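Working notes, structure below.
The values are calculated or read from the model by the stated rules, or taken from the named source; none is laboratory data. Predicted model, so just to flag it, every value in this text is computed and none were measured. Please note: Cβ atoms are built from the backbone with ideal geometry, for glycine as well, and neighbour counts cover all protein chains shown.
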Amino acid sequence: MTLRTPLCEVLGIESPIVQAPIGSATTPELAAAVSNAGGLGHLAVTWRDTAETRAVIRDTRELTDEPFAVNLVLDDATTVVDTATHLETILETGVDVVSLSFGDAAPYVDRIHEAGALVAQTVGSAEAARTAVDAGVDIVVTQGLEAGGHVQSEIATTALVPRVADAVGDDVPIVAAGGIADGRGIAAALALGADGAWLGTRFVATEEAAVHDTYQRRLRESDETDTEYTTLFDKGWPGTPHRVLRNETLERWDGDGRPPAGERPGETDIVATTGGGDRIERYDEALATPDVDGDVESMALFAGQSVGLTETVRPAGSVVATLTAETRDAIDAFPGRRREDG
């Protein structure tokens, strides 16, 4: 049984599996491993300058001949480089796919198409999906409330995907994101009307992801009840909801009655430092990368509600192979399919 869907046809990939752009955790090794295994790897470059952006795209291209995507966050509150300038840098490298989130893709669609790349946009409602399609995007990503990291939706994946599927019809492929970490979740997303799945937390727990061992240990040990949707870790990206693992920082704040920013316990504590010597304050949205030294468990440990299905840290290519096989098995196990085949 083949898993090829309209998403595979548009992207030129073998399996409808997309590695989410998991911030500073993305590496050329991770993106290339996913693409080489038949999925779509992803680089996040919003927090990189133009020189580093060119370097990571070049390094990824040296590791794979398959398509991969590059993500830009459009919210000016968190960008390091002017978006238009950053986009030109990306397009000059000849990337295959540009994914855009937390903003309006419309001003950038024509320019991306002129450069020969595809455009994906993350949305959180059927109305936003229709607007994105009208603007000319090639792929719509529906991010459900269950997702880890920064979240731009208040709707659960199971409610959002069918609504978006109805809104856009067959105009563009739909990729479901949020709460998906195994083949059963991917099969469910396909049944709901998606053409593929976008997984973040599962790929944070891979050998190629640039994340601290302590962070990955917490992912392995946590279950679906251990995350919280909050705006607590707002230093660096104010006002943007996110989903994280519960930790001491969150529990202290909760115990103090959830006071507002500026009045929270340990507001100016330095909980860790980066390898370059930058200080990470409590409530900072900084990612726990391998070079971080300090109280990593008190940092923002981004994770989705699928974390309970993330019990091992494995090579990314192996994860893609397992997900593909699990999805086939889950589809084969559908009662209706069994009756049809019998």
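Given W237, W253, which one is aromatic (F, W, Y), surrounded by 15 or more Cβ atoms within 10 Å (Cβ to Cβ) and in contact (Cβ under 8 Å) with a residue 60 or more places away in the chain? Please lay out each step first, then the result.
On the way: W253 fails: in contact (Cβ under 8 Å) with a residue 60 or more places away in the chain.
Residue meeting the stated conditions: W237.
Only one of these is of a type outside the set (D, E, K, R), farther than 21 Å from F102 by Cβ, assigned by TED's automatic domain parsing to the domain that holds A191 and touching a residue at least 40 places away in the same chain (Cβ under 8 Å): V292, V296, V319. Name it.
Checking each option against the conditions leaves just V319.
Would you be able to tell me the number of residues in the range 1-29 that are in contact (Cβ under 8 Å) with a residue 60 or more places away in the chain and under 18 Å from the mean Cα position of the chain (by Cα)?
Number of matching residues: 16.
On the basis of being at negative phi, buried (at least 21 other Cβ atoms within 10 Å of the Cβ) and touching a Lys or Arg at 6+ places or on another chain (Cβ under 9 Å), does T206 make the cut? Show your work before the answer.
Values: at negative phi: yes; buried (at least 21 other Cβ atoms within 10 Å of the Cβ): yes; touching a Lys or Arg at 6+ places or on another chain (Cβ under 9 Å): yes.
Answer is yes for this residue.
Checking the condition surrounded by 19 or more Cβ atoms within 10 Å (Cβ to Cβ), modelled with pLDDT of 95 or more, in a loop (DSSP other than H, G, I, E, B) and not assigned by TED's automatic domain parsing to the domain that holds Y229, which residue from L145, L160, L72 passes?
Sole residue among the options that is surrounded by 19 or more Cβ atoms within 10 Å (Cβ to Cβ), modelled with pLDDT of 95 or more, in a loop (DSSP other than H, G, I, E, B) and not assigned by TED's automatic domain parsing to the domain that holds Y229: L145.
Please determine, by comparing only the residues of the range 31-55 that are assigned to a helix (DSSP H, G or I) and closer than 17 Å to T324 by Cβ, which one is nearest to the chain's Cα centre (by Cα).
Checked the range 31-55; the qualifying residue nearest to the chain's Cα centre (by Cα) is V34.
Kindly indicate which of D182, D234 is touching a Leu at 6+ places or on another chain (Cβ under 6 Å) and not small (G, A, S).
D182
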